[in-house]
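One structure is given here, and the rest of the page talks about it.
The values are calculated or read from the model by the stated rules, or taken from the named source; none is laboratory data. In this text the structure is predicted, and so the values were computed from the model without any measurement. A quick note on method: Cβ atoms are made from the backbone with ideal geometry, for glycine too, and the neighbour counts reach across all protein chains shown.
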Protein chains: 2
Amino acid sequence: MKRYETIATNLAEQIRAGHLPVGVRLPSLRHLIAQYGVSQSTVFRAYYLLEQWGLVRAEERAGYFVTQGATVKEKAAANGLSTTPTKVDISDLVFSVLESARHPDIVPLGSAFPSPQLFPSARLLKSLVSGTRSLSPWSTVEDLPPGNDHLRQQISIRYVGAGLSVSPDEILVTNGALEALNLCLMAVTRPGDLVAVESPGFYAALQAIERLDLRAVEIPVDPVSGLDLEALQRALDQHPIRACWFMPNFQNPTGTSMTVEKKRALVEMLRARDVPLIEDDVYQELHFSRDRPLPAKAFDTQGLVMHCSSFSKTLAPGYRIGWASAGRFADRVRRLKLMTTLSACIPAQAGVADYLQNGGYDRHLRSLRASLQSQLEQMETALRKWLPDSVRWVRPNGGYLLWLQLPSSVNAMALHALATERGISIAPGPIFSATHAFQDCIRLNFGHPWNPRFEEAIRTLAGILDNPAVHG
Amino acid sequence: MKRYETIATNLAEQIRAGHLPVGVRLPSLRHLIAQYGVSQSTVFRAYYLLEQWGLVRAEERAGYFVTQGATVKEKAAANGLSTTPTKVDISDLVFSVLESARHPDIVPLGSAFPSPQLFPSARLLKSLVSGTRSLSPWSTVEDLPPGNDHLRQQISIRYVGAGLSVSPDEILVTNGALEALNLCLMAVTRPGDLVAVESPGFYAALQAIERLDLRAVEIPVDPVSGLDLEALQRALDQHPIRACWFMPNFQNPTGTSMTVEKKRALVEMLRARDVPLIEDDVYQELHFSRDRPLPAKAFDTQGLVMHCSSFSKTLAPGYRIGWASAGRFADRVRRLKLMTTLSACIPAQAGVADYLQNGGYDRHLRSLRASLQSQLEQMETALRKWLPDSVRWVRPNGGYLLWLQLPSSVNAMALHALATERGISIAPGPIFSATHAFQDCIRLNFGHPWNPRFEEAIRTLAGILDNPAVHG
């Protein structure tokens, strides 16, 4: 974390805690320069960041003032209430965190991806070659959206395996799940609309909402009890919510999953108000229990659930092959795809289709799930060994992400900054919320084969937690 | 064309010609049902289409009325004046035309793609394999935007060959040029903004403008003299134009190119008002003269020109590898890419990079250009043989698209409908304009190896032109 980011984070903390109430003028430039021993431009950049976070506003020649709502929003989230609609300013924060995790030497505890070493890249390349060879030269026209027929059939077959029926005609192949989710959101919203998201939740949802000039309504997710359906009902009663973007299975970042009853209740609640659900189900195949969990889409009789997933977390991270089964919005989503990126890579589509048919996907998945489960055990052992008892987590039943609740005095952004300096990436809680809440939480990735570097990194994190600079 | 589309097209013609002036009530339901012998729902759908085209508006219990501007816009375009800003409703029309061209048996004169048979697919697959083999497992993280290093170096080297210097750092790899163009447009506009486009021009620009809630200002392009710079200057003087989306080389659909002087003047004109230019240069490598034409970007000293191109028309149509060199907006465009589709297919990037270095791209391009040029000659011979002398065109000096000016009585939408019935696709003029102008123009594709089917198709088109149903 740069110097100005530290200053901004410290001030943000004070604002959120109510020490700097709404309308109060922030410390003067001169004051901060003296306090932190930094240059004027560093202070300016800190104020600029606070402004981007929506916590302060500048008034010409008068200084910076704490904005309406900067404190209140945080309180609402902490109380588990549905927050007021929020204009989202998440991107700078997310990008600075993501950038810091990209250096190859860094220990990738903050990564969003599982280790590529867990994937059958040689076997997949074989399928890429035979799939591509089998393409007609005209495939560049024929495989335009909705996409390669063979691949859509294979995806449809996997739905059957999960206990639901989705026709290949409904399936649109996309550039990863991220494009699927973005297109679905675009298909059902207009600028200014309200979208319900999970809090904490996947930052890409917040980025999409920001990019499309939408507003987020954050619905609390508890690591134990999951999405707060009552809060969702209140939000639906109070606000004209146009869409929901949720992750019912192995939610990012908390790892929690909805029960079958809860998924059914969710779909029924949205049906009653005709609100579409964008269902992010990218970890569906990474379950540790015997059976693959049902998606919420299984309970949808109205074509209201837009189910999005991909092969990026399970088979082929770089191929960028995902899909959307967008129910009654399928045609609109397909058109948006044609208008924005035309088509997913056609050899990659053929390659994944060939692999699904001939490559032994289920065998690979069994081995991948076993690896993830054993890595989780190793990480938990290390966490119990090195971290104080006050650090808590709920063991997820799938995926590769672990959500840690640290002592409430911890500032995860400061922890992130110091960890980065020590060559360790972590995902700090504030990137998972439009209001930069969850200052005392971090997300860790156990998607990498365990090795002494990880053990050492956990030990280092424990040391940093002892540093007073990450508290208060 | 469906029955209701025919009715809508006929009425649109009458509105545009001024036979149904602004404010006039359209014929009653009963009247049209009697006139065309169709059902009430067919008439409703026709009216709905007219409404979507922005030509009529519904008034409850009073009927449908011709809208302000429906006639005027057309006149302005015909006079070569910059039109008033237009809310765009192009997609339905474009999609219905594109769908009709996708059947494998149809003669693809309306296609937007060159024949895939002209591309070295076997050699490219070899590069796909060796490129993919050379990737580190960590490439799925390392090759996130801006993209594969090797590929960006190769693209940078090709810029040098064209006479300009673009650093690999400025280059962002995208899912084809279409994504590059869309991201650039998104980076420099907000909903409601005005964007200058060419008229006739690439329908994807109009679709993007529609999708992003922007408004189009159409700048006339003459097949001989090209973009009307004076009209652009007037538009810049009169309207707060936020961006231009132009195609200075081998413009789609007219095939016209700007001279070096004109490109320089264009860039200077935009620099004076600090208006970014989104430069669509996808046909840059398909020049028939000896040297590759310079892009407008060559004259940009301010980072205002966002140069977009791809390998889809020259090498690897299904790989979906394009790029944007977005000048001072490069960082913003890269972030939008990360947020919307994350990354282009990583094996495909590596494959194209390997091909550029080892595959003999320049040799392939020489042969491709020679094929296109000879196909153009064969098409011109057939056109001269079968079509009446009143059909005119300007021979393009690159690309694979020919813009035909038909007798002014021709209705290209009706021609398209009848040609489709006979198994021939053409691209009718109205899909290249926000106001559905160019009713008497069509675009033909000479990107396919000439064969008797094409000769026969031209002959069939000539026959259809004799049909009174396509006139008036």
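The table below lists the values:
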{"read-out": "Criterion (crowded, with 18+ Cβ neighbours inside 10 Å and within 8 Å of chain A (Cβ to nearest Cβ)) met by exactly one of B:P116, B:P146, B:P85, B:P137", "value": "B:P116"}
{"read-out": "Pair list, Cβ under 8 Å, 6 or more apart: region A:392-408 residue without any contact (Cβ under 8 Å) to a residue 24 or more places away in the chain and assigned by TED's automatic domain parsing to the domain that holds A:A462, other residue among the hydroxyl-bearing types (S, T, Y) and surrounded by fewer than 22 Cβ atoms within 10 Å (Cβ to Cβ)", "value": "none"}
{"read-out": "Where a residue in region B:150-170 is among the basic types (K, R) and its partner, wherever it lies, is surrounded by 17 or more Cβ atoms within 10 Å (Cβ to Cβ), with Cβ under 6 Å and at least six apart", "value": "B:R152/B:P168; B:R152/B:I171"}
{"read-out": "B:S374 being assigned to a loop (DSSP other than H, G, I, E, B), on the phi < 0 side of the Ramachandran plot and among the small types (G, A, S)", "value": "no"}
{"read-out": "Hits in region A:99-113 - residues which are within 7 Å of chain B (Cβ to nearest Cβ) and either buried (at least 22 other Cβ atoms within 10 Å of the Cβ) or touching a Phe, Trp or Tyr at 6+ places or on another chain (Cβ under 7 Å) (or both)", "value": "A:P104"}
{"read-out": "Per-region count, region B:394-415, residues in a loop (DSSP other than H, G, I, E, B), out of contact with any helix residue (DSSP H, G or I) (no Cβ under 6 Å at 6 or more places or on another chain) and buried (at least 22 other Cβ atoms within 10 Å of the Cβ)", "value": "3"}
{"read-out": "Yes/no for B:L418 being in a helix (DSSP H, G or I) and either among the small types (G, A, S) or outside the structural domain of B:W245 (by TED's automatic domain parsing) (or both)", "value": "yes"}
{"read-out": "Region A:282-308, residues that are more than 17 Å from B:T340 (Cβ to Cβ) and part of a strand (DSSP E or B)", "value": "A:H287, A:V305, A:H307"}
{"read-out": "Single unsatisfied condition, A:R57 versus (1) within 30 Å of A:R422 (Cα to Cα); (2) modelled with pLDDT of 70 or more; (3) of a type in the set (D, E, K, R)", "value": "(1)"}
{"read-out": "Extreme residue, nearest to the chain's Cα centre (by Cα), among residues of region A:185-204 that are within 14 Å of chain B (Cβ to nearest Cβ) and part of a loop (DSSP other than H, G, I, E, B)", "value": "A:F202"}
{"read-out": "Verdict on B:G463 being at negative phi, assigned to a loop (DSSP other than H, G, I, E, B), out of contact with any Gly (no Cβ under 8 Å at 6 or more places or on another chain) and modelled with pLDDT of 95 or more", "value": "no"}
{"read-out": "Any hit, region B:174-184, residues being within 11 Å of chain A (Cβ to nearest Cβ) and over 30 Å from B:Q154 (Cα atoms)", "value": "no"}
{"read-out": "Conditions (1) over 25 Å from A:T132 (Cα atoms); (2) not in a helix (DSSP H, G or I): number failed by A:G147", "value": "(1)"}
{"read-out": "The listed residue being crowded, with 24+ Cβ neighbours inside 10 Å, more than 14 Å from every other protein chain (Cβ to nearest Cβ) and under 20 Å from B:V195 (Cα atoms), out of B:A296, B:A272", "value": "B:A296"}
{"read-out": "Matching option when the condition is closer than 23 Å to B:P396 by Cβ, among the aliphatic types (A, V, I, L, M) and in contact with a helix residue (DSSP H, G or I) (Cβ under 8 Å, 6 or more places away or on another chain), among B:L178, B:L236", "value": "B:L178"}
{"read-out": "Meets criteria (in contact with a Cys (Cβ under 9 Å, 6 or more places away or on another chain), modelled with pLDDT of 95 or more and surrounded by 24 or more Cβ atoms within 10 Å (Cβ to Cβ)) for B:V305", "value": "no"}
{"read-out": "Candidate set from region B:335-371 (those that are surrounded by fewer than 22 Cβ atoms within 10 Å (Cβ to Cβ) and of a type in the set (K, R)); member that is nearest to A:L185 (Cα to Cα)", "value": "B:R335"}
{"read-out": "Only one of A:A350, A:A344 that is of a type in the set (A, V, I, L, M, F, W, C), outside any helix (DSSP H, G or I) and out of contact with any Asp or Glu (no Cβ under 7 Å at 6 or more places or on another chain)", "value": "A:A344"}
{"read-out": "Selection within region A:317-329 - at the interface with chain B (Cβ under 9 Å from one of its Cβ atoms) and either part of a loop (DSSP other than H, G, I, E, B) or among the small types (G, A, S) (or both)", "value": "A:G318, A:R320, A:I321"}
{"read-out": "Residue satisfying all of: in region B:268-295; under 22 Å from B:G399 (Cβ atoms) and among the aliphatic types (A, V, I, L, M); nearest to the chain's Cα centre (by Cα) among these", "value": "B:V282"}
{"read-out": "Of the criteria (1) more than 10 Å from chain A (Cβ to nearest Cβ); (2) surrounded by 21 or more Cβ atoms within 10 Å (Cβ to Cβ), which one B:L124 fails", "value": "(1)"}
{"read-out": "Number of positions in region A:209-222 that are out of contact with any strand residue (DSSP E or B) (no Cβ under 6 Å at 6 or more places or on another chain) and under 23 Å from A:R392 (Cα atoms)", "value": "1"}
{"read-out": "Residues satisfying the stated conditions in region A:185-241, i.e. at pLDDT 95 or above, polar (S, T, N, Q) and under 19 Å from A:I431 (Cα atoms)", "value": "A:S199"}
